[in-house]
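Beneath this line is the structure, given in structure tokens, with notes to follow.
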Amino acid sequence: MRLDDWFLTREERGNDWTRLVSWSEGNLVRPLLHGATYFAELHAGLAALGKDDLLMFTDWRGDPDERLRPDGPTVAAAMAAAAERGALVRGLIWRSHLDVLRFSAAENRHLGEHIEAAGGQALLDTRVRLGGSHHQKFVVLRHDGDPDRDVAFVGGIDLCHSRRDDARHLGDPQAASMPATYGPRPPWHDAQVAISGPAVAEVEKVFRERWEDPAPETRQPLRRLRDRLDRMADVPPLPEPAPPPRPAGTHAVQLLRTCPYLRSRYPFAPEGERSVARAYRKVLGRARTLVYLEDQYLWSTEVIEPFARALEREPELRMIIVVPRHPDQDGWLAGPASLIGRADALTRLMRAGPGRIAIYDLENHAGAPVYVHAKVCVVDDVWASVGSDNVNLRSWTFDSELSCAVIDEQPDPRPPAGARRFARDLRLTLAAEHLDRDPGELADLCDPKSAFEAFAESAARLDAWHQGGGRGPRPPGRLRPHPKPELGRVRRAMAMPLYRTVVDPDGRPPRLRRTNAF
């Protein structure tokens, strides 16, 4: 198998200005499912940083008081302690919209202030399109003189409230504001990966390209003045990059990004970058047997079109999709619009592959809905991606995103043939959790058709148990068939002048919907 059959070539990436290589080989990529798993590893990595080591991170939302373990430390304390030991701490945090719109402007600023007070530097970055966000969520740890200990964490998990959940899905005791249907302690399903090997240096390049952008972090004079007064406007140069770590495994890694087009132009992407979208289009053009997708949104008929075309092209192709039962509103304006966008997308998929597309949501063993925040895709058990990008137009064109695509050089010995170990293991690990199966009970799920049927049967049993009033033992599994939205109520809300004026089904004001071809 040729890697360029699946990965984007440099020409296909469509950005000649980036320092990123097309892909790197010889890496070890480990899935870290759930925030508790990720935070425990991150805590250990931060605690091991010493003098002249380097911590670089980006975040969409950062809560300084979020605990990395049940007994602490907090995110802010762990990073500040690393800075006090002599590590160089550098962060790029989205400045965010106002808290009144259910965003996190105050929390993000407070995290930056904690880091500044300890001698680090964290910038509040608004170098995005109006109404957009910096949505990348990654951490890079480089060790002075010992690159084999270096690691990069990439995925969809923010350093904030509600993320520290585990496979039981009982929720993070430090809960973020969510729709009431998720309860006071929302169960949360999420994913990150830990990367060792040469690709760590590539993730570092993503940070350096943003850090070294000469454009001011904000163009608003009052914000710039406040940043200067709080010493949050300094941009000290980063040290010269260390050599890439030595090979550590059998995984080829391609970093995929969305960088929006800006009038001021990013030096590393003056025309923007759409490699997330282009990668999906390429791998879906090769899909033959099974696409497994976990996604927070699944909006926009434009973005869903390559999925639908794959179903129309391949009569044996099946798709399993896991989404939240109730879409969260990232800002109150997007609520009804998100339901319209999802309904349109699902209608298109159902028409493209009747009987071969299945959409589920999750609940925990107490029957509470689980919020699916993961952004995971596995295609034909060969190509796998974990990142910050959702399947919606915003993530593919408008916000900054980073995703890690992986192809294992090691074939999986289990039939059917043709799979690669990393992609298949990732899919089976997620399936084991959703179906309540032990690791030794997964052999039948290697076959795409059997996996599709196992998901359907498990969801049907659990749904029937609920419809029967929950009498008798609860059947194993956490999957429920995803309900159809109540479109009459939603469309009436969409008819309000406010929504007609400023909101579209992708959650963005129509006047901001400039999209470059991907």
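A compact table of results
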item: Number of positions in the range 432-460 that are touching a Lys or Arg at 6+ places or on another chain (Cβ under 7 Å) and either of a type in the set (Phe, Trp, Tyr) or open to solvent by less than 10 Å² (accessible area, probe 1.4 Å) (or both); result: 4
item: Selection within the range 28-47 - farther than 30 Å from residue 428 by Cβ and open to solvent by 50 Å² or more (accessible area, probe 1.4 Å); result: 47
item: Yes/no for residue 437 being assigned to a loop (DSSP other than H, G, I, E, B) and within 21 Å of residue 374 (Cα to Cα); result: yes
item: Which listed residue is small (Gly, Ala, Ser), modelled with pLDDT of 95 or more and under 23 Å from the mean Cα position of the chain (by Cα), from 454, 431; result: 431
item: Residues within the range 410-462 that are in contact with a Cys (Cβ under 8 Å, 6 or more places away or on another chain) and among the small types (Gly, Ala, Ser), tallied; result: 1
item: One residue from 263, 342 being part of a loop (DSSP other than H, G, I, E, B), at pLDDT below 95 and more than 17 Å from the chain's Cα centre (by Cα); result: 263
item: Where a residue in the range 281-294 is under 11 Å from residue 383 (Cβ atoms) and touching a residue at least 60 places away in the same chain (Cβ under 8 Å) and its partner, wherever it lies, is in a helix (DSSP H, G or I) and open to solvent by 10 Å² or more (accessible area, probe 1.4 Å), with Cβ under 6 Å and at least six apart; result: 284/306
item: Residue in the range 269-277 that is in a helix (DSSP H, G or I) and either closer than 19 Å to residue 319 by Cα or of a type in the set (A, V, I, L, M, F, W, C) (or both) present; result: yes
item: Subset of the range 8-22 [assigned to a helix (DSSP H, G or I), open to solvent by 40 Å² or more (accessible area, probe 1.4 Å) and within 13 Å of residue 255 (Cβ to Cβ)]; result: 10
item: Filter result for the condition that a residue is at pLDDT 95 or above and open to solvent by 50 Å² or more (accessible area, probe 1.4 Å), over 66, 25; result: 25
item: Single condition residue 357 does not satisfy, out of (1) farther than 30 Å from residue 415 by Cβ; (2) of a type outside the set (Asp, Glu); (3) surrounded by fewer than 24 Cβ atoms within 10 Å (Cβ to Cβ); (4) in contact with a Lys or Arg (Cβ under 8 Å, 6 or more places away or on another chain); result: (1)
item: Selected residue [in contact (Cβ under 8 Å) with a residue 12 or more places away in the chain, more than 25 Å from residue 95 (Cα to Cα), open to solvent by 10 Å² or more (accessible area, probe 1.4 Å) and of a type in the set (Lys, Arg)] from 149, 163; result: 149
item: Of all residues in the range 274-302 being of a type in the set (Val, Ile, Thr) and closer than 16 Å to residue 345 by Cβ, the one that is nearest to the chain's Cα centre (by Cα); result: 291
item: Enumeration of residues in the range 267-279 that are more than 19 Å from residue 134 (Cβ to Cβ) and surrounded by fewer than 24 Cβ atoms within 10 Å (Cβ to Cβ); result: 278
item: Meets criteria (open to solvent by less than 10 Å² (accessible area, probe 1.4 Å), assigned to a strand (DSSP E or B) and closer than 30 Å to residue 125 by Cα) for residue 370; result: no
item: Selection from the range 36-84 of residues that are touching a His at 6+ places or on another chain (Cβ under 9 Å) and among the aromatic types (Phe, Trp, Tyr); result: 60
item: Close pairs (7 angstrom Cβ cut-off, 6 or more residues apart or separate chains): within 10 Å of residue 34 (Cβ to Cβ) in the range 167-180, β-branched (Val, Ile, Thr) and open to solvent by less than 40 Å² (accessible area, probe 1.4 Å) anywhere; result: 169/370
item: Extreme residue, least open to solvent (accessible area, probe 1.4 Å), among residues of the range 297-315 that are part of a loop (DSSP other than H, G, I, E, B) and either out of contact with any helix residue (DSSP H, G or I) (no Cβ under 9 Å at 6 or more places or on another chain) or farther than 18 Å from residue 375 by Cα (or both); result: 314
item: Residue 286 vs. criteria farther than 24 Å from residue 402 by Cβ and among the basic types (Lys, Arg); result: no
item: First in the range 469-492 and open to solvent by 70 Å² or more (accessible area, probe 1.4 Å), second anywhere and modelled with pLDDT of 75 or more, Cβ under 6 Å, 6 or more apart; result: 476/436
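The values are calculated or read from the model by the stated rules, or taken from the named source; none is laboratory data. Please read all numbers here as calculations on a predicted model, not as lab measurements. FYI the Cβ positions are ideal-geometry reconstructions off the backbone, even for glycines, and counts take in every protein chain you see. To get the accessible areas, we keep the full protein, side chains included, count just its heavy atoms, and leave off ligands, DNA and RNA. Shrake-Rupley method; radii C 1.70, N 1.55, O 1.52, S 1.80 Å.
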